[in-house]
């Protein structure tokens, strides 16, 4: 139980950090945080993009689409890999919906640890 609380604390600190760094449009951050399934994931930013990770430590997971700023206040949803595109979104809410539709099964809350530790945890849970 205490590990879960600690994970939630780390995720919440991540949300505070992405708000403070100013790299992502505030309207997008607010829309993402308002979505309970995304609020449980660890947020991170890069090049103005908003990413979501299933774990709290770097190298974060790359199995969830991410949102990029586009012209005139619109957005572009890509991923999960950089070579993959989902499509354009006119509003933050549309972009968020596009990400949520593509979340991996059993996604969240964020795992306290690295992607490797998450994979080991999932393998142990599934008996593999």
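The values are calculated or read from the model by the stated rules, or taken from the named source; none is laboratory data. The model shown is predicted, which means the values in this text are computed figures rather than measured ones. All Cβ positions, glycine included, derive from the backbone under ideal geometry; neighbour counts span all protein chains shown.
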Open item on the list: So if I check each of 24, 86, which one is more than 18 Å from residue 109 (Cα to Cα), touching a strand residue (DSSP E or B) at 6+ places or on another chain (Cβ under 6 Å) and in a loop (DSSP other than H, G, I, E, B)?
Closed with: 24
Open item on the list: Can you tell me how many residues within the range 36-60 are in a loop (DSSP other than H, G, I, E, B) and under 9 Å from the mean Cα position of the chain (by Cα)?
Closed with: 3
Task: Filter result for the condition that a residue is loosely packed, with under 15 Cβ neighbours inside 10 Å and touching a residue at least 60 places away in the same chain (Cβ under 8 Å), over 117, 93, 122, 101 - done: 117
Task: Flag for residue 30 being part of a helix (DSSP H, G or I), touching a helix residue (DSSP H, G or I) at 6+ places or on another chain (Cβ under 9 Å), modelled with pLDDT of 95 or more and more than 28 Å from residue 6 (Cα to Cα) - done: no
Task: Within the range 52-72, considering residues that are without any contact (Cβ under 8 Å) to a residue 24 or more places away in the chain and in contact with a strand residue (DSSP E or B) (Cβ under 6 Å, 6 or more places away or on another chain), the one surrounded by the most Cβ atoms within 10 Å (Cβ to Cβ) - done: 68
TODO: Output the number of the condition that residue 113 fails; it satisfies all remaining conditions of (1) outside any loop (DSSP other than H, G, I, E, B); (2) more than 13 Å from residue 41 (Cβ to Cβ).
DONE: (1)
